[in-house]
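Undergrad: Just passing along the structure, written as C-alpha cells.
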Number of protein chains: 2
Amino acid sequence: MARYSPSVQNLISKLGSLPGIGGKSAQRLAFHILSMSDEDANSLAEAIKDAHKLTVRCSSCQNFTDSDPCPICSDPLRDKSTVCVVESPRDVSTFERMHEYKGLYHVLHGVYNPVSGKSMNDITLSQLFDRLSRHPEIKEVIMATNQTAEGNATALYVSRLLSPSGIKVTRLASGLPMGSDIEFTDDLTLASALKGRVNITT
Amino acid sequence: MARYSPSVQNLISKLGSLPGIGGKSAQRLAFHILSMSDEDANSLAEAIKDAHKLTVRCSSCQNFTDSDPCPICSDPLRDKSTVCVVESPRDVSTFERMHEYKGLYHVLHGVYNPVSGKSMNDITLSQLFDRLSRHPEIKEVIMATNQTAEGNATALYVSRLLSPSGIKVTRLASGLPMGSDIEFTDDLTLASALKGRVNITT
C-alpha cells in the first residue's frame, strides 16, 4: 500500500526536488499546502506560473526581469562605465541592498565548474564579451563572483581574455569580515587578508 | 526601485509564507523555479493544484486521502478494534513505516493548544467521539499525540471523556529512546523512564 495518495506523493516528490528541501521538509510543506484554503493553494500555484511566464532575461545584463531592458539597465542615473559581474540574480539584490554601487551588472547564471559539468558556454560569458564590444563606454569590469575555486577561476579567465582590450578588470577585496575575530578566522582568509594588507591612512 | 519584478516578488512572498521557509530560502527557491524549464515549472504548479483538488479528508479517520474511505480504513485486513489517535497525517506515515501496527487511525489535525488559540473544536475530537459511538467494535483508543504539554493534555482530556464508555484508552510509553546514553538524557525523560520502569522478564 502506498504511504500517500498518488497526487500527494507527486506533490511531495516535486517539492523534494527543489534545492534545500529534503524528504521531511517536502512532506511538511505538502501537508501544509493541503491544509491551506483553496484560494491560497491556487494563488501559490499561479504565482509559480506567472513568475515563470512573465520573467525573461534582460537582453543586456541577463538578470531576470519582467521588462526588457531591466529597470537597472534602463535607469539613466546609473553609471554606465562600470559593470559588476555576479554569479546569480540574488547577488544583484545583495549589492542593491547595500545602496553603495551605482554601476550596472552582468549576471553569469553560474560559474565555470568543470566538476559539475558547467562549461564556459553554460554561463553568459559570450553575452558579456558581446556587450563589452558593443558598449565602448564600459571602462571597468568588477568580477564579483564568489570567493571559491570556481569563482576565482572564472574571474581569472575573464581578466585574461579582456587584458588586450584595455578594459580594467578588478576583483572584490578578500580579507577579514567586519567585526570578525582573528582567533576564529580560517587560515585561507587570514592569508588573503595578510597578502592584501593596506597602508593605514591617517 | 523594487528589488525584484512584481511577479518574482509575489512568488518570493508566497513561498516565504510556507512553514520553515525564510526569506533567503524563498529567494533561492524562486530563482530555482525561474531557471526551471517551462514544463517543470508548470508541473510543479499543477501538482499543487491537483493535490489540493483531489485530496479530501477520510470521513472515518480524517486522514488526507483521494478516496473516501481511505485505503487504511477500507482495508479488510486491518484490526478494526483499535484506533490510534495522532496529531498529523505525517504521524500516520511514520507508524505505517514501522510495519508493526495493524489497527486503524484517527487524525486530529492538531492538538488542544490554548496558547495558539487552538480549541478542542478546531481538532477532530467530535468526529472521534461520533465514530466511537457508531462503531462499538472499537475496544481500545491509543493516544499517540506528541510527548508535549499540549499532546499530554489532549490525551488526558480524551481519556477522561471516554472513561464512562468502557473503551480502554492507552498512551504510548515514554522513556529512554533506544540506543540512548543515560548521561545525555534530560531530566524529564529520565524521570518518566524511572516512573514507568518495568519488570525484567527472562
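The values are calculated or read from the model by the stated rules, or taken from the named source; none is laboratory data. No experiment lies behind these values; they were computed from the predicted model shown. Neighbour counts run over all protein chains shown; Cβ positions are idealised from the backbone, glycine included. Surface accessibility is based on the protein's heavy atoms, side chains included, excluding ligands, DNA and RNA. Shrake-Rupley method; radii C 1.70, N 1.55, O 1.52, S 1.80 Å.
Undergrad: Please go through the range B:78-88 and pick out each residue that is within 14 Å of chain A (Cβ to nearest Cβ) and surrounded by fewer than 17 Cβ atoms within 10 Å (Cβ to Cβ).
TA: B:Arg78, the sole residue that qualifies.
Undergrad: Moving to a separate point now. Output the number of residues of the range B:51-65 satisfying the condition of being open to solvent by less than 20 Å² (accessible area, probe 1.4 Å), among the hydrophobic types (A, V, I, L, M, F, W, C) and either within 14 Å of A:Ser5 (Cα to Cα) or within 11 Å of another protein chain (Cβ to nearest Cβ) (or both).
TA: 2
Undergrad: How about the range A:177-191: which of its residues are loosely packed, with under 15 Cβ neighbours inside 10 Å and either part of a loop (DSSP other than H, G, I, E, B) or among the hydrophobic types (A, V, I, L, M, F, W, C) (or both)? Break it down stepwise before answering.
TA: Our first condition is that a residue be loosely packed, with under 15 Cβ neighbours inside 10 Å; within the range A:177-191, this holds for A:177-184, A:186-188, A:190-191.
Residues satisfying the conditions are A:Pro177, A:Met178, A:Gly179, A:Ser180, A:Asp181, A:Ile182, A:Phe184, A:Asp186, A:Leu188, A:Leu190, A:Ala191.
Undergrad: Right, here's the next one. What number of residues within the range A:121-137 are open to solvent by 10 Å² or more (accessible area, probe 1.4 Å) and not small (Gly, Ala, Ser)?
TA: Going through the range A:121-137 one residue at a time, the tally reaches 10.
Undergrad: Still on this structure: Being under 26 Å from B:Ser60 (Cβ atoms), among the aliphatic types (A, V, I, L, M) and open to solvent by less than 80 Å² (accessible area, probe 1.4 Å) is the requirement here; does B:Ala144 meet it? Walk me through how you get there before you give the answer.
TA: On the way: under 26 Å from B:Ser60 (Cβ atoms): yes; among the aliphatic types (A, V, I, L, M): yes; open to solvent by less than 80 Å² (accessible area, probe 1.4 Å): yes.
For B:Ala144, the condition - under 26 Å from B:Ser60 (Cβ atoms), among the aliphatic types (A, V, I, L, M) and open to solvent by less than 80 Å² (accessible area, probe 1.4 Å) - is met.
Rundown of residues vs (1) in the same structural domain as A:Gly151 (by TED's automatic domain parsing); (2) of a type in the set (Gly, Ala, Ser), yes/no style:
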position	(1), (2)
A:Gly20	no, yes
A:Gln27	no, no
A:Phe31	no, no
A:Ser35	no, yes
A:Glu39	no, no
A:Ala47	no, yes
A:Pro71	yes, no
A:Thr94	yes, no
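Undergrad: Still on this structure, I have one more. Across the range A:5-34, what is the total count of residues that are more than 7 Å from chain B (Cβ to nearest Cβ), outside any helix (DSSP H, G or I) and either in contact with a strand residue (DSSP E or B) (Cβ under 9 Å, 6 or more places away or on another chain) or not polar (S, T, N, Q) (or both)?
TA: The total comes to 2.
Undergrad: Out of the residues in the range A:110-120 that are of a type outside the set (Gly, Ala, Ser) and surrounded by fewer than 19 Cβ atoms within 10 Å (Cβ to Cβ), state the one that is farthest from A:Cys73 (Cα to Cα).
TA: Filtering the range A:110-120 for residues of a type outside the set (Gly, Ala, Ser) gives A:111-115, A:118, A:120.
Narrowing the set further to residues that are surrounded by fewer than 19 Cβ atoms within 10 Å (Cβ to Cβ) leaves A:113-115, A:118, A:120.
Values: A:Asn113: 28, A:Pro114: 31, A:Val115: 33, A:Lys118: 27, A:Met120: 24 Å.
Here the residue is A:Val115.
Conditions (1) modelled with pLDDT of 90 or more; (2) within 22 Å of B:Pro89 (Cα to Cα), marked per residue:
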residue: A:Lys14; (1), (2): yes, yes
residue: A:Ser17; (1), (2): yes, yes
residue: A:Ser25; (1), (2): yes, yes
residue: A:Ile33; (1), (2): yes, yes
residue: A:Ala41; (1), (2): yes, yes
residue: A:His52; (1), (2): no, no
residue: A:Cys58; (1), (2): yes, no
residue: A:Pro69; (1), (2): yes, no
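Undergrad: Restricting to the range A:94-108, what's the tally of residues that are buried (at least 19 other Cβ atoms within 10 Å of the Cβ) and not β-branched (Val, Ile, Thr)?
TA: The number of residues fulfilling the criteria is 4.
Undergrad: Here is a follow-up. Please work out which residue is modelled with the lowest pLDDT, limiting yourself to the range B:3-12 and to residues that are of a type outside the set (S, T, N, Q) and over 20 Å from A:Ser37 (Cβ atoms).
TA: Start the filter on the range B:3-12 by keeping residues that are of a type outside the set (S, T, N, Q), which leaves B:3-4, B:6, B:8, B:11-12.
Okay, now just the ones that are also over 20 Å from A:Ser37 (Cβ atoms), so B:3-4, B:6, B:8, B:12.
On the way: B:Arg3: 69, B:Tyr4: 80, B:Pro6: 85, B:Val8: 89, B:Ile12: 92.
Step by step, filter the range B:3-12, then rank; the result is B:Arg3.
Undergrad: If you check B:Asp91, B:Asp68, which single one turns out to be of a type in the set (Asp, Glu), assigned to a helix (DSSP H, G or I) and open to solvent by 20 Å² or more (accessible area, probe 1.4 Å)?
TA: Working: B:Asp68 fails: assigned to a helix (DSSP H, G or I).
Only one candidate passes the filter, namely B:Asp91.
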